[in-house]
Amino acid sequence: MTKLTSTERHRQIIDAALRCFAEHGVEATTIDMIRAASGASVGSLYHRFGNKEGLAAEVYIAGLRDFRARLAQATDAAGTAREAVAAIVGANIDWISAHPDWARFVFNHRVVLSQADREAEFSAEVADANKRLWQRFYSLPGAAALSSRDSGLHHSLLAGPVHDYARQWLEGRRKRSPAALRELFVRAGWAAMQACGATDPH
């Protein structure tokens, strides 16, 4: 039997914890449940994560890092602003569709960051990643027509509608998957970005 690397073992524990949180809820899940699901010892869990709150925060952070890796790969391949819009919208849809339990956790449990005292640390990491993404976006052909450089607004225009619909889908209130509406979300996102070129929101 091949021995897992430290990184593989870490991911195995994260996956087991996520399954427990999805099945039982964060509050009701115990370290012993995660131990049983992951095969790790209690001592190993406490050594790696400190406590359950630390593990929950790591599940959250690992999810967003996994998403950001997909997002970076997609946007790096874009050659125009229009392609980058499709990449941003598509990366959100693809990651949510591939990881519904992780998406639910990220949507509903940001509080775990503050409970583990990791809010400031991770917010800085996300801000830095967003800065790099949007700097590249604004350098692409087609982006010059956008009079606004409000990346927060542009993120909301592209990801916001996808996230709102995805939440409803994950809760069972929408039958059609976000993936089935990909082109609609891309067209709507590009139209919204073009509207920013016509009227500066500032």
Per its Cα gyration tensor (rounded if a/c is under 1.5, else prolate when a/b beats b/c, else oblate), segment 65-198 is best filed as oblate
Taking a straight Cα-to-Cα line shorter than 19 Å from K131, and setting aside same-chain aspartates and glutamates fewer than 8 residues away, one finds D66, D76, E83, E119, E121, D150
The relative contact order of the chain, taking Cα pairs under 8 Å that sit 6 or more residues apart, comes to a percentage of 22
For T80, placing the label point 7 angstrom along Cα-to-beta-carbon and taking segment 177-191, residues whose amide nitrogen sits under 20 Å are 182-191
Measuring from its Cα centre, the chain shows a charge dipole (+1 at each Lys and Arg Cβ, -1 at each Asp and Glu Cβ) which, in debye to the nearest 20, is 440
Given a Förster distance of 30 Å, the FRET efficiency implied by the Cβ-Cβ spacing of Q135 and R65, rounded to the nearest 0.05, works out to 0.90
Calculated from DSSP helices alone, with each H run of at least 4 adding -39500 (n - 2.57) and the total divided by the residues of the chain, [θ]222 nm to the nearest 500 comes to -24500 deg cm²/dmol
At R0 = 45 Å the Cβ-Cβ FRET efficiency linking S44 and Q73, nearest 0.05, sits at 0.90
For K3, the lysines lying under 28 Å Cα to Cα, once residues fewer than eight places off in the same chain are dropped, come out as K52
With T = 20 °C, eta = 1.002 mPa s and Kirkwood Rh from C-alpha pairs, the Stokes-Einstein D of segment 19-69 in µm²/s is about 188
So S148 and R173, fully extended at 0.36 nm per residue minus their Cα-Cα distance, gain in nm 5.5 nm
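Values in this text are rule-based calculations from the coordinates and carry no lab data. Please read these numbers as outputs of a predicted model, since none were measured by experiment. Note that we place each Cβ from the backbone using ideal geometry, even for glycine, and neighbour counts take in every protein chain shown.
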